[in-house]
Amino acid sequence: MRDAQFARIAGALQRLFPKQVVATAVTMAELHILTEELDRQMAVAWAECAASAPSTDAVQRYLACWLAVGRQDDRNRQLEMVLRLGADLDKLTRAPGLRMMLRMMRRPAHAAGLGSLQMFLESGFDTFAQMSGKGARAREFLKMIEERESVWIKRLSDRDDGLAEDELRACVAQAPKVS
C-alpha cells in the first residue's frame, strides 16, 4: 500500500519540490526496495531453517540465514544509501521554506487519501530537523550508525572471528522482552 501511495505522489514531488528533494525521495524508494528484498530473503531462509532444523535457537538460526542469503555487497550498499539519505536529510531539514512546503501538502494529501503517508513524512522530517538543528548531532548519529553497522555486516558475513554469535547473544539479552 505504501508503495502505491508513493507512486501516486511521485509526479507531485517532481513538480513542487526542488531537485535535491526529488533525488532524496528516489534514493529513499530505492532503499525501500532493496530493504524489502533483503528482508524477504531473510524471512524465506528463516522459514526454511525452522522447517529443517526446528530445534535451532534463534541466534544460530539468524546467523545461518544471514550466511545463506549472503549479499554482503548489497548490505554495504544498503548502509551507504542510509548514510547518504541521512546526510541529505540533514541538509534538507535546514533548507528555508521546505517545512512550509511540506505542510502545504497536508490538505491535498488527505484529500487524495494519503493522510497517513503525509503524517509519516512530516513526523520524519520534524524528528530529523530536531537532530540537525542541534549542531553536529545528526552527523554524530550517522557516524555511529556507519561504525556499528559496518562491523555487524563484516562479522555476520565473515563469521571467522567468533565474535558475531557472542555479540548477537549479548544484544538479544539486553533487548526489551516483547510480550
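Read the figures in this text as sums done on the coordinates, not as results from a lab. What you see is a predicted model, and the numbers here were worked out from it, not measured in a lab. Positions of Cβ are generated from backbone atoms using ideal geometry, with glycine treated the same way; all protein chains shown enter the neighbour counts.
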Exercise. Any idea which of Gly97, Gln72, Ala58 is furthest toward the positive side of the dipole for the range 2-174, if Lys and Arg beta-carbons carry +1 and Asp and Glu beta-carbons -1?
Worked result: Gly97
Problem set entry | Per-selection Kirkwood Rh - the range 52-111 (Cα, Å, 1 d.p.) | 15.6
Problem set entry | Per-selection Kirkwood Rh - the chain (Cα, Å, 1 d.p.) | 18.8
Exercise. Could you put Asp57, Asp158, Asp88 in order, starting from the residue whose Cβ has the fewest other Cβ atoms within 10 Å?
Worked result: Asp57, Asp158, Asp88
Exercise. If one computes the Cα centroid of the range 106-179 and of the range 29-57, what distance in Å separates the two points?
Worked result: 19
For this session: Might you report the magnitude of the Cβ-based charge dipole of the range 100-179 about its Cα centre, with Lys and Arg at +1 and Asp and Glu at -1, to the nearest 20 debye?
Result: 580
Seminar exercise, completed: Per the 1/(1 + (r/R0)^6) rule, R0 = 35 Å and r from the Cβ atoms of Leu163 and His32, FRET efficiency to 0.05 is 0.70
Exercise. Once you charge only the Cβ atoms, +1 for Lys and Arg and -1 for Asp and Glu, what is the size of the charge dipole of the chain about its Cα centre, to the nearest 20 debye?
Worked result: 1120
Problem set entry | Within the chain, longest stretch free of exposed trypsin sites (Lys or Arg not before Pro) [DSSP loop, at most 11 other beta carbons within 10 Å] | 1-133
Seminar exercise, completed: Hydrophobic long helices for the chain, i.e. whole DSSP H runs reaching 24 angstrom or more by Cα along the axis with Kyte-Doolittle mean at least 0.0, come out as 19-52, 115-132
